[in-house]
Every structure is written in C-alpha cells, then in structure tokens.
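Below is one structure, written out as structure tokens, with a few remarks after it.
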Amino acid sequence: MSDTLLLEIKNLKTSFRIGEEYYAAVDNISLDVRHNEVLALVGESGSGKSATAFSIMNLHNRAKIEGQILFNGRDIANLPPSKMNKLRGNEISMIFQDPLTALNPLMECGRQIEEVLILHKSNMSSKQRKAYGIDLLNQVGIPRPERIYDQFPHELSGGMRQRIIIAIAIANKPELLIADEPTTALDVTIQAQILDLIRELKNDLNSGVVLITHDLGVVAEMADRVAVMYAGQIVEIADVETLFIQPLHPYTRSLLSSVPNAEGTDDKLHVIQGIVPSLKHLPREGCRFKDRIPWMDDSVHEEHPELHEVSPGHFVRCTCYQHFHFPEQNEEEQAHGIT
Amino acid sequence: MALLRVEDLQIYFPIRGGILNRKIDDVRAVDGVSFEIEQGETYGLVGESGSGKTTTGKAVMGLNNITGGDIYFEDNHLNPGKGKKVDVRKDVQMIFQDPYSSLNPRKRVIDIIAEPIRNYEKLTKKQELRRVQELLEQVGLTPESIYKYPHEFSGGQRQRIGVARAIALKPKLIIADEPVSALDVSVQAQVLNFMQQIQKDLNLTFLFISHDLGVIRHMCDKIGIMYQGRFVEEGLRDEIFTDPQHIYTKRLVAAIPDIDPRRRQEHQQYREQVKEEYQNSFNDYFNEDGLAHSLKSITDTHRVALPERG
Amino acid sequence: MWKFIVRRLIITMPQIVLLSLFVFIMASFMPGDALTGQIGPDVDQDRLQELREQMGLNNPWYIQYRDWILGVFQGDFGTSFRYNMPASEIIQQRMINTIWLSLVSLIFIYALGIPMGLISGRYNDKLIDQVITSYTYLGFATPIFIFGLIALWVGGFQLGWFPTGGSVAPGLEPGSLEYILSKIHHLLLPGLAIALIGLVGTVQYLRSEIIDTKQKDFIITARAKGAPEQRVYNRHIFRNSVLPIAAFFGYEITSLISGTVFIEQIFSYPGMGNLFLESINIRDYTVVTALVLLFGLAAIIGALLSDIILSIVDPRIRIK
Ligand SMILES: Nc1ncnc2c1ncn2[C@@H]1O[C@H](COP(=O)(O)OP(=O)(O)OP(=O)(O)O)[C@@H](O)[C@H]1O
Ligand SMILES: Nc1ncnc2c1ncn2[C@@H]1O[C@H](COP(=O)(O)OP(=O)(O)OP(=O)(O)O)[C@@H](O)[C@H]1O
Ligand SMILES: [Mg+2]
Ligand SMILES: [Mg+2]
C-alpha cells in the first residue's frame, strides 16, 4: 500500500446562495480515503453527502467552495478546467443518485457509454469501443446487452438505467470512485453483483471508494470506515465494526434503531423527532442535533461542539453522547446499537 | 372474497426496429401472473429489477394496455373487453417511488391534494378546504401547510403529501411502488409506521412493491417473488423468509445485506455458495427458455414454480 | 411513427375544409362584388342582373362554394376582374418571387438566429446575453414595416448598397448570370429585413431551451465524464435544445407570411404579399380570396411539417 492518502479533504466548506446570502451545506468537513479502502458516507437526507461528492468532482454550478481537496497529494479544488477534465471520468468518477434523470434522453445508451471512452481512450477504434461497451453491460448484469446498447433510456426500467450509469463510471477503471446511492433501484441479487464489482475494482487497482448510501446493510457489507453526517458536519467517524457495535453519537444510534429488524414486525420503528431543518434554517450555534433530542438536558451539550477522539480512529462530535438515552427507556438497554 | 384478483395477466410491449420502425418482437414484461389480495392485507411484490413489478401495478391502476388475462376488483371485471373499462380509479390509488418528482413543484399542497377530489366530486371551496385540512391532519402535517409548495417539505413529509393525495378519495387499495427507497432510514421508518397506522384506521389494503427485503418483511403479510415476468414463488411472510423453496427466492434471501459487519466474511461465503447452487441447478428450476415453470401448491398458502415431475 | 403521421394527416383534413369555408364566407362578405369595379355606373340594372346570373353570383351559397372548390382543385382561382385574366396566372409569377424571398429570409433567420440564441443561452445574464435579449424585445415591440422602412432607408438610400425596389434590374436577359446575380441582389435587403424580425422568436425559444437543458442532470453526467465545456455544449446541450427548433421550422412559415406582406410593399417587390395589398386596394376579390387561401394552406402545412419533424427527431414521441 502506498503511503500518500488517495484523497484528503481538509476543511471543506461548500455554500449555496439563497437570496442574497451564502449558506454552508457542507460545513468544515475533513475526511480522507486511503488506497484500497471503502469509506461510507451516511446521514440524513439533506445532510450534505451529495454536496460533498459534487465538491470533490468540482461539479457544482454556482457554489462557493472553500478548503482543500488533495488527490494523491495534489490540490484539485482549483484546478483549471482542462486539467480537471483529464481526471473526471478517468481517474475520478462518480455514480449518480438519480438514475431516471442522469442519462441523456436523446442518446442511445451505448453511445453514452462510448463517450467516456472517446474522451479518455483515444487509441481505441470504434469497433473496440463497442465491444468493450457491451462487455461493460455484461459486467453490470444487463441481460441481452446487444439489444440494450441501441435503446434509449426511457425504454429501460429504473434498475437498468442505474446500471448504465454504473457502467459509465467504471469504464475507465478509476482510482477514486464516488458512488452516490449506487444500488437504490436494484434488486438485492444485482445489488450484490454490483457491490462485488466495486469491490473487485478496488482490490485489483488498489482504488478508493466513497460510498454514499441510506442502506445500512450495504454499509455493513462494504465499508472499511464510516463517516456519519448530520446538518453539514461529520458527527461520528469510525471503522465499520466500531460504528455498528459501539455507536456513540445520538444521531448514529437513532439511525441504527430506525432499521426494520427481522423479528418483531408489529413494533413501531424508531423515528427521530422533529424535521430536517432546511439549509437556510440550519442551527449553526452549539450542537446541531440538540433540537431533535429535546428530552435531553441542555447542559449535556458542548457550547462549541468539537470532534473528540474517543479511541484511535473513532471520533465523536459534542459531549452529549456521554449522557444520551432514548426517551422513556433505560439507558442500559439502548446503550448498544445491535448485539 | 378477495379484494383484488389477478388471473393470468400478460402485458407485452412491442419492440420496434428496422427502417419502417415496425414491430419486430415483444418484451414480455408480465407473462402469466396470478395472485389474490384480501381486504386489509399487505401484499409484497419483490423480484428482479425489470421483472415487471411496476408494470403489474400500473395494469391494476388501468395505466397499461393489457395483452391477456383478467383483473377483478371486488369481483368486478376490470378489463371486460375492448373499449369497455370499469372505472375503479377512485378505489385504487398509487403512491409513486419518487417523492421529489411526482409532486408538481409549481402547485401548492392544497391543489395537489385536492386534484383527485376535483376530478370526482363537486365540492364548494369551503368544503374542499376542510377536506384537505382533515387529510393533512390524518397524515400528520399541520393544517397551515396547505399553502406551501412541495420544496418546502422534507422527503418524508413530501411522501406523506403523496399519501394524502392517494387517500383523498377513500380508496380501498393502494399500490405503493417503492414508496420509501429514496428516503433515509429514519424518514423511511416514519413513512412505514404511518402507512401501518392508516391501514388500521381506514382498513386499507396495500400492494407494496420494493427491493428492500427488510422493509418487505416488516410490512407484508403475503409475498410474491417475480422473475422475468413470472412468479417463482408466493407465500406467507415466514414461508418465504424462513423456508424459501425456489432457488431464485433462496438466492434473493441470501443476498440481503447483513447489518452486522462482523459476519461479513461468513455471509459473503454463504451468498457465493447459494449463487453456485443457483447456477448449478438453474435447469431444474427454469424451462428451456430460462423462464419459470407454473406454480404448484405445497401448502394452502405456499406456491412454488416447480417443473412437472415424472 | 407511421401511425402518428397518419393520425396527424387526418387531423389536417378538417383544418383545410374549415379554412376553405372561412375564406369563402369572408369573400362573400367583402364590400362590393366582382362586377362593382368592372362596370361603369351607367350600365342599367337589367343588364347587371343578367351578368350576375351568368357568372353564378345569384346561386345559393353552397352551390357557389362547390363551384369554387372544384375550380380550385383544377388550379382555377377564378378570373381577376381587374386584369381580366386568370387569377392563377397573376399569382404564379408572384408566388415564385415570394418563395425565393421566403427562402432567403429563412436562411438569414437560421444563420443569424441560431448563433444568437446559442450565445445568449450559454452566457445568460452576461453582457452579451443582455444585448441580444434587449434586441429581441425591441424586435417584438417594433412593427415590421417600421423595420423595413429603416432598412430601406439605410441600406438602400443612405448607403446605396442595395436596390430599392423590384425583383430584378430591367433589361437583363432571363437565365443569364447577371440576371441571377441581380435577382439575388434584390433579395438580400428585404430578406434581411424580414429575418431581423423573424428571428426574434427563434432566438428567445432557443435561449430558454438552452437555459433549461443546461440545468438537467444528464449535463452533470456529461461533465463528470470529463467532457470539455465545448463538447458538453455541442453534443448534449445544443443537440437537445435545437431539436425543438427544428420542429419550430414549420411555424416559422406563418411568421414569414406576415413578414412578406409588409416588406414586399415597402420594397415594391413583386411578390404575393405585395399583390395581396394591391388587390385589396382595387377590390380584386378573386385574387384576394385565392391569396388568403394559399397563405392559410401554407400555415396549415407548416404546422403539419413541424409535428412530423418533431416525431422523427424525438425518440420519445416516435415510440408512441
Ligand atoms: N444547488 C443547490 N442550491 C441550493 N441548495 C442546495 C443545492 N444542492 C443542494 N442544496 C441543499 O444543500 C443541502 C445538502 O444537500 P445534499 O444533496 O448534499 O443532501 P444529501 O445528503 O445528498 O441528501 P439525500 O440523501 O437526500 O441525497 C440540502 O439542504 C439541499 O437542499
Ligand atoms: N414503455 C415501455 N416500452 C418498452 N418496454 C418497456 C416499457 N415499460 C417497461 N418495459 C420493459 O418491461 C420490463 C418490465 O419493466 P418494469 O418497469 O415493470 O420492471 P420493474 O420490475 O418495475 O423493474 P425495476 O425494479 O427495475 O423498477 C422491462 O424489461 C422494461 O424494459
Ligand atoms: Mg444525495
Ligand atoms: Mg419498477
């Protein structure tokens, strides 16, 4: 394994303009991804996961991006477009969240795959491109790839479109793959196949993967480390076992108890109180999770919550985790996420 | 009497090609599917991506042309022949997968929810307002939300608006096509709890389509597994999850990600093993065309697609 | 797709029938009739009645309509009472001139309008876009004849670069190179004048189409592939925005019609529009009727063309 980190994000702050002012959707985040590692990014809808991913790829249209993004030690946050274009789709590529809108409706699927080859593999002949494109469709488990190759996106089911997007992303065997909800529209067997494919890519090429997902099962199966985001910040980061077995931050623990478990079907699922604050109304003072756990005393929160290293590599924000309990339940019972 | 009875449903889409763009072949999206849903029950539809789940749901809604077969709702034949159509859209409603794009961003909540009411009933402005407010209360949104626009709500709340619209006409059956797959787990929990609640309150019946077998297991009484337009297995929840008979079902259940990272290796091996078994016994479970056989009953409730013996 | 085209053609039929009825009714309500301009005030009433009878002017309306339609199908638009020759013959030469003028205008419209729309959409809210948008507002607000007059005054009289009237310089032998060049020379200024107004719609439509497409998710996908901005515009944004413009083509014909009517008058260009106004002035109602019918037909066929082009070009419509 090489010494330099594959990706190192330092104090990233991504702000969007609403009216006259800028509001940070990603608020001072630092992360790193090593070679041959899967870093999972989980968190509430709107917590800034996709915004972080877009910042890495520099794909935001009108956003203010501050901080450093080091890729193999080189700061790519302010790269000129021509240099950035050499990286995108080649050394860094991304699988997009919404398969229904991410493909050009007027272009055959095959041509959309070929485009990324035309851009980065100029020595390929058009015959080779087509052969490789069909091979890619095979790899992502699309039946009858020759036929699908010439079809338009609207003729495919949601899951098939998602796999076209995956094929585009892995075509040039990227060193860093950012996968934003890569398997939401897929059935579990194809999901497993795709996850295996990503794992293979990672192992063979020593690549790093940033995996964004709501599916904690996928995280448990894939991730080496997990970063949990809430309201634009990282609230907890740990290796995958620690995070699932000894979650500390109240948000992480709430999240884990919301997952339907196999037994006890008639139980109500745990729901986090209150609603996701919109970007404009995000609390920016004190512990951002405070309003969602109103039964906890104010004194348990830090005034300026910091990430604390509770054990090597395990960071938790704010001190409220030390006292946290679910409402009307004894602390003991809930202290362990899953057992 | 079953609330919904689907018998040998077939839906083919033409594949066009050639210079004149003529029909050259069919996609058999749904190829002989039969099932029944009892009043008050939740029926889960799972299966391969592209196996025809959405198409089946849409057919019940009357949104697809049916190639063959029959659909009965409360013993009314829904497709009695060309041209004639029994209108059950009032009694059958659909919740769509994507809470973001299925709500018109330029319409206020009141207009979104009142739309189906306006189509079917003549109410005065005042009555309509009261009705929409009641509905919002039912789905747990504050009455003052009615003049807001969809983008002012969170994903879970938006999905609730979709539900409010779906229950506006007091339907008996709701078809929910991946209603929670775009949501984070906490919001997903909120929507699932809520769906169970209104099911009790209104004695609703659900046809629940999802890829998330955890969610299916949590929600459904009975489950049908689809593969390439056909059913491979159907049974009660426990029959499917603890005693799967068809190799595809076994593979599906084995592929459910395990939420305990400590068992990762073990689970992966098990999955590989089932996959191998699947490949080796493929010909025992599928016919020459790679399609499922017809269903045979093994208990009163459990049916599996097995070849004829002997 | 064929189904769609056939269905679209079937819709066109009643449109044409309605148009012809409308034209016919309009004609019968026009002040005066065929004889009014032809006969001196001293002709006595009996003679007049006789003439009317002879020309079928006393028949019930549906008979007159039928006679008229049958005639039209044989290319007989009636006789111009003014010139005492078949209306079709008068129109024919004018029509060829107008078709040339329209063609030149169309070329100008697309040659200027598409780049303007592209630039405006691509750099929206930058200075260049503001300039172009202001121009389109001006274009919308200014009546075309004022535009034509200004063009004539500047290009024709002040600079003297272009002829100020007619369709060809007199005394040249038809078919010779000089003749053709002179024709083109006569076409440029009126063509440009029509285009400068006619392109306004195209520019605004293309601009908003591009701004729309720019924000689609699949554009981000293209950027994420590493496509340079120029390629993103050429392959994704431009292509997806220009297709509706291709479909707009047919509708453009309608705006050309109104354009030619005024511009031909101002440039005294012997085309259909010019003829139209002339004929109204002298109450040559057979010619007016024929022209309205032809203009109407052109508009209907334009719309038909648009829909067919769109169905060929957009795979989503092609399927249905
Ligand atoms: N282009 C934009 N302009 C303004 N606000 C934006 C923009 N993109 C995202 N946001 C806001 O930034 C916040 C973070 O959004 P982001 O898409 O990163 O969430 P996410 O964590 O990916 O959520 P999900 O799980 O729902 O995909 C949200 O409040 C969102 O509304
Ligand atoms: N309008 C259409 N034209 C042609 N083929 C179609 C059309 N709609 C669906 N299909 C095909 O029918 C099959 C079933 O599609 P359907 O959308 O029902 O699958 P699904 O089970 O809902 O899959 P997913 O889980 O990926 O959403 C697919 O092979 C799809 O390509
Ligand atoms: Mg996202
Ligand atoms: Mg579907």
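The values are calculated or read from the model by the stated rules, or taken from the named source; none is laboratory data. For clarity, every value in this text was computed on a predicted model and none was experimentally measured. Neighbour counts are summed over all protein chains in view; Cβ atoms, including those assigned to glycine, are modelled from backbone coordinates with ideal geometry. The area values use the complete protein model at the heavy-atom level, side chains included, leaving out ligands, DNA and RNA. Shrake-Rupley method; radii C 1.70, N 1.55, O 1.52, S 1.80 Å.
In the condition set (1) within 11 Å of chain B (Cβ to nearest Cβ); (2) touching a strand residue (DSSP E or B) at 6+ places or on another chain (Cβ under 6 Å); (3) more than 16 Å from ligand 1 (Cβ to nearest atom), A:V226 is compliant with all but (3).
I want to confirm something. Restricting to segment B:176-208 and keeping residues that are under 10 Å from the mean Cα position of the chain (by Cα) and over 18 Å from B:G156 (Cα atoms), which single residue is farthest from the other protein chains (Cβ to nearest Cβ)? Out of the qualifying residues, it is B:L207. Scanning segment A:32-57 for residues that are of a type in the set (A, V, I, L, M, F, W, C) and either assigned to a helix (DSSP H, G or I) or within 16 Å of ligand 4 (Cβ to nearest atom) (or both) yields A:A51, A:A53, A:F54, A:I56, A:M57. Test A:S30 against the stated conditions and say whether it is surrounded by fewer than 24 Cβ atoms within 10 Å (Cβ to Cβ), within 18 Å of A:E236 (Cα to Cα), out of contact with any Pro (no Cβ under 6 Å at 6 or more places or on another chain) and of a type in the set (G, A, S). So A:S30 passes the test. Scanning segment A:81-98 for residues that are part of a loop (DSSP other than H, G, I, E, B) and more than 7 Å from chain C (Cβ to nearest Cβ), we see that the one that is farthest from ligand 4 (Cβ to nearest atom) is A:E91. Summed over segment B:165-189, residues that are β-branched (V, I, T) and more than 16 Å from ligand 2 (Cβ to nearest atom) total 4.
With the requirement that a residue be buried (at least 19 other Cβ atoms within 10 Å of the Cβ) and either closer than 12 Å to A:L117 by Cβ or of a type in the set (A, V, I, L, M, F, W, C) (or both), what does segment A:130-147 give you? Matches in segment A:130-147: A:G133, A:L136, A:L137, A:V140, A:I142.
Could you please let me know if A:P312 is within 27 Å of A:Y23 (Cβ to Cβ) and away from chain B (no Cβ under 14 Å)? The answer is no for A:P312.
Set side by side, the residues C:I144, C:I211, C:I184 differ, and just one is hydrophobic (A, V, I, L, M, F, W, C) and modelled with pLDDT of 80 or more, which is C:I211. When you look at A:P153, is it within 16 Å of ligand 2 (Cβ to nearest atom) and closer than 18 Å to C:R235 by Cβ, yes or no? Against the criterion (within 16 Å of ligand 2 (Cβ to nearest atom) and closer than 18 Å to C:R235 by Cβ), A:P153 qualifies.
Every condition in (1) within 16 Å of ligand 1 (Cβ to nearest atom); (2) of a type in the set (V, I, T); (3) more than 13 Å from chain B (Cβ to nearest Cβ); (4) open to solvent by 10 Å² or more (accessible area, probe 1.4 Å) is met by A:I168 except one, and the failing one is (1). The residues of segment B:178-218 that are open to solvent by 10 Å² or more (accessible area, probe 1.4 Å), under 19 Å from B:M94 (Cα atoms) and more than 16 Å from ligand 1 (Cβ to nearest atom), listed by number, are B:N193, B:F194, B:Q196, B:Q197, B:Q199, B:K200, B:D201, B:L202, B:N203, B:H211. Take A:T252 and decide whether it is of a type outside the set (K, R), part of a helix (DSSP H, G or I) and open to solvent by less than 20 Å² (accessible area, probe 1.4 Å). Spelling it out, A:T252 is indeed of a type outside the set (K, R), part of a helix (DSSP H, G or I) and open to solvent by less than 20 Å² (accessible area, probe 1.4 Å). Report yes if B:R158 is open to solvent by 10 Å² or more (accessible area, probe 1.4 Å), assigned to a helix (DSSP H, G or I), within 16 Å of ligand 1 (Cβ to nearest atom) and modelled with pLDDT of 80 or more, otherwise no. Here the answer is yes, as B:R158 does meet what is asked.
For segment A:64-87, check the following and say yes or no: at least one residue is in contact with a Pro (Cβ under 6 Å, 6 or more places away or on another chain), under 13 Å from C:A227 (Cβ atoms) and assigned by TED's automatic domain parsing to the domain that holds A:T184. Within segment A:64-87 (the criterion being in contact with a Pro (Cβ under 6 Å, 6 or more places away or on another chain), under 13 Å from C:A227 (Cβ atoms) and assigned by TED's automatic domain parsing to the domain that holds A:T184), the answer is yes, since at least one residue qualifies. Looking at A:A25, is it hydrophobic (A, V, I, L, M, F, W, C), within 16 Å of ligand 1 (Cβ to nearest atom) and either modelled with pLDDT of 95 or more or under 23 Å from B:F153 (Cβ atoms) (or both)? Judged against the criteria, A:A25 is a match. Count of segment C:120-167 residues, restricted to those that are within 21 Å of C:T202 (Cβ to Cβ) and surrounded by 19 or more Cβ atoms within 10 Å (Cβ to Cβ), is 8.
Results for (1) open to solvent by less than 50 Å² (accessible area, probe 1.4 Å); (2) at the interface with another protein chain (Cβ under 10 Å from one of its Cβ atoms); (3) acidic (D, E), shown as yes or no for each residue.
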{"residue": "C:S208", "(1), (2), (3)": "no, no, no"}
{"residue": "C:K225", "(1), (2), (3)": "yes, yes, no"}
{"residue": "C:I266", "(1), (2), (3)": "yes, no, no"}
{"residue": "C:Y269", "(1), (2), (3)": "yes, no, no"}
{"residue": "C:E278", "(1), (2), (3)": "no, no, yes"}
{"residue": "C:D284", "(1), (2), (3)": "yes, no, yes"}
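Report yes if C:F238 is within 14 Å of another protein chain (Cβ to nearest Cβ), open to solvent by 30 Å² or more (accessible area, probe 1.4 Å) and either among the small types (G, A, S) or in contact (Cβ under 8 Å) with a residue 24 or more places away in the chain (or both), otherwise no. Judged against the criteria, C:F238 is a match.
The condition (being of a type in the set (A, V, I, L, M), within 30 Å of B:D238 (Cβ to Cβ) and open to solvent by less than 30 Å² (accessible area, probe 1.4 Å)) is satisfied by just one residue among A:A231, A:A192: A:A192. Here is the figure for segment A:270-305: residues that are without any contact (Cβ under 8 Å) to a residue 12 or more places away in the chain and in a loop (DSSP other than H, G, I, E, B) total 2. Only one of the numbered conditions (1) buried (at least 23 other Cβ atoms within 10 Å of the Cβ); (2) over 19 Å from C:D217 (Cα atoms) is not met by A:K173, and that is (1).
Scanning segment A:56-104 for residues that are within 16 Å of ligand 2 (Cβ to nearest atom) and open to solvent by 30 Å² or more (accessible area, probe 1.4 Å) gives A:Q97, A:D98, A:L100, A:T101. Checked against (1) open to solvent by 40 Å² or more (accessible area, probe 1.4 Å); (2) out of contact with any Phe, Trp or Tyr (no Cβ under 8 Å at 6 or more places or on another chain); (3) modelled with pLDDT of 90 or more, A:L307 passes all but condition (2). Beta carbons closer than 8 Å, at least 6 apart along the sequence or on distinct chains, pair a first residue in segment B:260-274 that is in contact (Cβ under 8 Å) with a residue 24 or more places away in the chain with a second that is in a helix (DSSP H, G or I) for B:V274/B:K250; B:V274/B:R251; B:V274/B:A254. Considering B:A305, B:A255, which residue is at pLDDT 90 or above, aliphatic (A, V, I, L, M) and under 15 Å from B:S34 (Cα atoms)? Being at pLDDT 90 or above, aliphatic (A, V, I, L, M) and under 15 Å from B:S34 (Cα atoms) holds for just one of B:A305, B:A255, which is B:A305.
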